[in-house]
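One structure is given here, and the rest of the page talks about it.
The values are calculated or read from the model by the stated rules, or taken from the named source; none is laboratory data. Treat the numbers as computed from the prediction; the structure is a model and nothing was measured. Cβ coordinates were reconstructed from backbone atoms using ideal geometry, including for glycine residues, and neighbour counts include every protein chain displayed.
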Amino acid sequence: SQTIHQWPATLVQPVGSPLSLECTVEGTSNPNLYWYRQAAGRGLQLLFYSVGIGQISSEVPQNLSASRPQDRQFILSSKKLLLSDSGFYLCAWRLKKYTFGSGTRLTVV
Amino acid sequence: GESVGLHLPTLSVQEGDNSIINCAYSNSASDYFIWYKQESGKGPQFIIDIRSNMDKRQGQRVTVLLNKTVKHLSLQIAATQPGDSAVYFCAENNAGNMLTFGGGTRLMVKP
């Protein structure tokens, strides 16, 4: 079966520290992969999407970057976190339908 | 830019009543729409979808209606249960195969 894994579930990081969030999918190949961010009580904002290894498209200019080193691995990174980077980060993949991971709650302090 | 917008309300319904959650979209070229349910601290879960060549689709206790003339989408939940309490998002799929989400509606079910 097809599954998506996202970790960690929660993360508290100081301002200026680096970030690495990982997302992996199983049971499929060459999926479209997406990173979304959700501010508290708000909708989902698309940050990055990838249609293949090494292919990253950015939807909004920001303090974050994404990479896809392997077909089923999608990484969200930052060199120096800002307070405004706090939020709920969701990875998603699409074959026929979109499926979301369980999310990472990031708090920058 | 083109967007899907939910006027973010909190909808409060009595257990057993029917719920209707509405969504307006602006991209007339969108060909696929999805409703998601998100419980606190979790990722969105797929509920039901509809393609633009349809105006109604039914699932188990849920119905999605699409009115392309006025660019309106609605989710109807029959016999609402406490477990239906969550935030509901509509999303549209555009030509770039990306989802654009509305702002969400919180559904609260009173016992």
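With respect to the numbered conditions (1) more than 13 Å from chain B (Cβ to nearest Cβ); (2) crowded, with 16+ Cβ neighbours inside 10 Å; (3) in contact (Cβ under 8 Å) with a residue 60 or more places away in the chain; (4) assigned to a strand (DSSP E or B), which one is the sole condition not fulfilled by A:Gln6?
Unmet for A:Gln6, out of (1) more than 13 Å from chain B (Cβ to nearest Cβ); (2) crowded, with 16+ Cβ neighbours inside 10 Å; (3) in contact (Cβ under 8 Å) with a residue 60 or more places away in the chain; (4) assigned to a strand (DSSP E or B): (1).
Could you please let me know if A:Thr107 is out of contact with any His (no Cβ under 7 Å at 6 or more places or on another chain), within 14 Å of another protein chain (Cβ to nearest Cβ) and either basic (Lys, Arg) or surrounded by fewer than 20 Cβ atoms within 10 Å (Cβ to Cβ) (or both)?
Yes.
Considering only residues that are within 14 Å of chain A (Cβ to nearest Cβ), over 18 Å from B:Thr63 (Cα atoms) and of a type in the set (A, V, I, L, M, F, W, C), which ones fall in the stretch B:6-47?
B:Leu8
Only strands (runs of 3 or more DSSP E) wholly contained in the stretch B:16-111 count here; list those with 1 or more residues that are hydrophobic (A, V, I, L, M, F, W, C).
B:19-25, B:32-38, B:45-51, B:62-67, B:72-77, B:86-93, B:99-101, B:105-110
Can you name the residue in the stretch A:77-91 that is among the hydrophobic types (A, V, I, L, M, F, W, C) and part of a strand (DSSP E or B) and, of all such residues, is surrounded by the most Cβ atoms within 10 Å (Cβ to Cβ)?
Of everything passing the filter in the stretch A:77-91, A:Cys91 is surrounded by the most Cβ atoms within 10 Å (Cβ to Cβ).
Could you run through the stretch A:16-31 and say how many residues are surrounded by 12 or more Cβ atoms within 10 Å (Cβ to Cβ) and at pLDDT 90 or above?
7
Identify, from the list B:Gly83, B:Gly16, the residue that is more than 23 Å from A:Phe88 (Cβ to Cβ) and out of contact with any Phe, Trp or Tyr (no Cβ under 7 Å at 6 or more places or on another chain).
B:Gly16
Could you figure out which of (1) under 25 Å from B:Gln45 (Cβ atoms); (2) not charged (D, E, K, R); (3) not in a strand (DSSP E or B) isn't true of A:Asn63?
(1)
In this structure, is B:Asn67 of a type in the set (S, T, N, Q) and away from chain A (no Cβ under 11 Å)?
In short, yes.
Kindly list the number of the only condition in (1) touching a residue at least 24 places away in the same chain (Cβ under 8 Å); (2) within 11 Å of chain B (Cβ to nearest Cβ); (3) not in a strand (DSSP E or B) that fails for A:Asn30.
Unmet for A:Asn30, out of (1) touching a residue at least 24 places away in the same chain (Cβ under 8 Å); (2) within 11 Å of chain B (Cβ to nearest Cβ); (3) not in a strand (DSSP E or B): (2).
Here is a list: B:Ser28, B:Ser74. Which entry is under 12 Å from the mean Cα position of the chain (by Cα) and among the small types (Gly, Ala, Ser)?
The match here is B:Ser74.
For B:Ala79, state whether it is exposed (fewer than 13 other Cβ atoms within 10 Å of the Cβ) and hydrophobic (A, V, I, L, M, F, W, C).
yes
Please go through the stretch B:33-70 and pick out each residue that is surrounded by 16 or more Cβ atoms within 10 Å (Cβ to Cβ), within 26 Å of A:Ala39 (Cα to Cα) and not aliphatic (A, V, I, L, M).
B:Phe33, B:Trp35, B:Tyr36, B:Lys37, B:Gln38, B:Gly43, B:Pro44, B:Asp49
For the stretch B:48-59, check the following and say yes or no: at least one residue is within 11 Å of chain A (Cβ to nearest Cβ), without any contact (Cβ under 8 Å) to a residue 40 or more places away in the chain and acidic (Asp, Glu).
Yes - at least one qualifying residue is present in the stretch B:48-59.
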